[in-house]
Amino acid sequence: MKQLNKAEQMLFVMGGALMVAGIMLFVFSVYPSITSWVAFIGMILFAFMQMKQTYEGRDLVIKRLRRIMHIAEAGFVLTGFFLVENHFHFLLPLFSNSIGDYATYVNVFHNNWVVVLLIAVVLEVYTTFRIERELKRQG
């Protein structure tokens, strides 16, 4: 695996910290208008820095796990978008033509960031541990 340099490692850790702190504070309703953006920015930083870690080897298992990890990264970014949308309702005017449209909006966006986050975290944890084990197995 291609390792990140010191500045990229710092951004990676900072993105993870912003993501966790932003979500925790948002859940406890501490300045949700600010913490939703903090979490979103943290998720983007985390995902982008993780995408910069590439695998140059030929092992198909690790390549498959990296593709799954990219799905988790997209899930983190989507979670951030849903989190911001959950608080600010930017897309609500697009769904306000009828009661059915509003119900669709609520079904899609209202607190569903938790589901997307859970899926992304499970995929991230699984692929992280599996990639580490596969790299140790290779030698």
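Mind listing just one residue for me: the one in segment 46-66 that is of a type in the set (A, V, I, L, M) and open to solvent by 20 Å² or more (accessible area, probe 1.4 Å) and, of those, nearest to Tyr126 (Cα to Cα)? Write out each step before concluding.
Looking only at segment 46-66, we keep the residues that are of a type in the set (A, V, I, L, M), and these are 47, 49, 51, 60-62, 65.
So of that shortlist, the ones also open to solvent by 20 Å² or more (accessible area, probe 1.4 Å) come out as 51, 60-61.
Numbers: Met51: 17, Leu60: 17, Val61: 13 Å.
The qualifying residue nearest to Tyr126 (Cα to Cα) is Val61.
Kindly provide the set of residues from segment 23-40 that are buried (at least 17 other Cβ atoms within 10 Å of the Cβ) and either farther than 17 Å from Trp113 by Cα or free of Cβ contacts under 8 Å to residues at least 24 places away in the same chain (or both), ordered by number.
Going residue by residue through segment 23-40, those that are buried (at least 17 other Cβ atoms within 10 Å of the Cβ) are 23, 25-26, 32, 35-40.
Of everything in segment 23-40, those that are buried (at least 17 other Cβ atoms within 10 Å of the Cβ) and either farther than 17 Å from Trp113 by Cα or free of Cβ contacts under 8 Å to residues at least 24 places away in the same chain (or both) turn out to be Leu25, Thr35, Val38.
Residue pairs, Cβ under 7 Å, 6 or more apart or interchain, first in segment 68-81 and at pLDDT 95 or above, second outside any helix (DSSP H, G or I). List them.
Hits for this filter: zero, empty list.
Going by the structure shown, is Met69 surrounded by 14 or more Cβ atoms within 10 Å (Cβ to Cβ), assigned to a helix (DSSP H, G or I) and among the aliphatic types (A, V, I, L, M)?
On the way: surrounded by 14 or more Cβ atoms within 10 Å (Cβ to Cβ): yes; assigned to a helix (DSSP H, G or I): yes; among the aliphatic types (A, V, I, L, M): yes.
Here the answer is yes, as Met69 does meet what is asked.
State all residues of segment 88-118 that are surrounded by fewer than 15 Cβ atoms within 10 Å (Cβ to Cβ), closer than 19 Å to Ile41 by Cα and touching a residue at least 24 places away in the same chain (Cβ under 8 Å); if no residue qualifies, say none.
Phe88, Asn111
Whether any residue in segment 1-14 is under 14 Å from Thr79 (Cβ atoms), part of a helix (DSSP H, G or I), open to solvent by less than 50 Å² (accessible area, probe 1.4 Å) and free of Cβ contacts under 8 Å to residues at least 60 places away in the same chain is what I want to check. If you could, list the steps in order and put the result at the bottom.
As a first pass, look at segment 1-14 and keep what is under 14 Å from Thr79 (Cβ atoms): none.
No, segment 1-14 has no match at all.
The values are calculated or read from the model by the stated rules, or taken from the named source; none is laboratory data. Keep in mind it's a predicted model, so treat the numbers as computed, not measured. In this analysis, Cβ positions are derived from the backbone assuming ideal geometry, glycine residues included, and neighbour counts consider all displayed protein chains. Side chains are part of the model used for accessible areas, which takes the heavy atoms of the whole protein and leaves out ligands, DNA and RNA. Shrake-Rupley method; radii C 1.70, N 1.55, O 1.52, S 1.80 Å.
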